[in-house]
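Colleague: There's a structure below that I have some questions on.
Each reported figure results from applying straightforward, stated rules to the coordinates on display, with no laboratory input. On a predicted model such as this, the values are computed, not experimentally measured, just so you know. With ideal geometry, Cβ positions are generated from the backbone for all residues, glycine too; neighbour counts draw on all protein chains shown.
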Amino acid sequence: MKTALRLKTSLQESIQDLLNEQIAMEAHSSAAYLAMSAWCNVQGLQGAAKFYRKQSGEERDHMMKIFDYMNDLGAHPMSPEVKNITLHFNNLHDMLIMALEMEIKITENFNKITDQCHKVKDFQTARFLQWYLDEQVEEEKTARRAIELYELIGIEGVGLFRIDRELEKLIHE
């Protein structure tokens, strides 16, 4: 039964669908980063494990911000089912690249949602999404920096140890 409170929302169905899709992407990213953290920990890369655990929490926060926005407008956010999480990685470099690719996909999806908001004249949601668009610049920058550190330092000798320490430092930037 729908209550009067939930009968109407200013969010068009197409926007609700896209926001729910984004909630699912954020949940998947959060779980993926948590799996990366666990893998790093098993490998003895505790700095990288802390870095990816923090990333996991941020993705969950991003998901909940969209979830709350939809609730506030009387829409129906969906709690996503998370599947297909990679649990094992060939090496740290491959994992770093996977993280960047994931962030680029998220950016592309936010652009798609924002474009649809403009098409249907949902300027309120477009404005809400601007924070995410700005945040994605930082997310991609951080992911690129992690790859850059790996490639600059290299893994010879104590290189992997140094990379691990530098990834932990990214938490505070």
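Colleague: Modelling each spin label as a point 7 Å along the Cα-to-Cβ direction, I'd like the D61/K112 distance in nm, to one decimal.
Modeller: Label at D61, label at K112, 2.6 nm between them.
Colleague: Then there is this: Ranked highest first by average number of other Cβ atoms within 10 Å, how do 24-30, 136-142 line up? Present the calculation step by step, with values, prior to reporting the outcome.
Modeller: On the way: 24-30: 21.4, 136-142: 15.6.
Those peptides, ordered most packed to least, come out 24-30, 136-142.
Colleague: Okay, moving on. Quick one: compute the contact order of the chain, relative version, from alpha carbon pairs under 8 angstrom and 6+ residues apart, as a percent. Kindly include the intermediate steps, with their values, before the conclusion.
Modeller: Details: 173 pairs, mean separation 48.5, N = 173.
Once divided by the residue count of the chain, the mean separation gives 28 percent.
Colleague: What is the distance in Å between the Cα centres of region 12-49 and region 146-173?
Modeller: Cα centres, region 12-49 to region 146-173: 22 Å.
Colleague: Can you list which of the DSSP-assigned H helices in the chain have a Cα extent of 30 Å or more along the long axis and an average Kyte-Doolittle score of at least -0.5? Each step should come with its number before you reach the end.
Modeller: On the way: long enough: 13-42 (44 Å, 0.17); 46-72 (39 Å, -1.36); 92-119 (41 Å, -0.19); 123-153 (45 Å, -0.58).
Answer set is 13-42, 92-119.
Colleague: For the chain, what number results from the quotient of the Cα radius of gyration and 2.2 N^0.38 Å?
Modeller: Values: Rg = 18.3 Å, N = 173, 2.2 N^0.38 = 15.6 Å.
Compactness ratio reported: 1.17.
Colleague: In straight Cα distance, which lysines are under 30 Å from K83, not counting same-chain residues fewer than 8 positions off?
Modeller: Those lysines meeting the cut-off are K50, K54, K65, K105, K112, K141.
Colleague: Name the residue farthest towards the positive end of the dipole of the chain from the options S37, I153, V82, assuming +1 on Cβ of Lys and Arg, -1 on Cβ of Asp and Glu, about the Cα centre.
Modeller: V82
Colleague: Starting from 0.36 nm per residue, how many nanometres of slack lie between E156 and N84 once their C-alpha separation is accounted for?
Modeller: Working: separation 72, 0.36 × 72 = 25.92 nm, distance 3.26 nm.
So the extension gain works out to 22.7 nm.
Colleague: Under the 0.36 nm per residue contour assumption, what length would be gained going from the current alpha-carbon distance of Q12 and H93 to full extension? Don't skip to the answer; put the middle values down first.
Modeller: Values: separation 81, 0.36 × 81 = 29.16 nm, distance 4.15 nm.
Additional length available on full extension: 25.0 nm.
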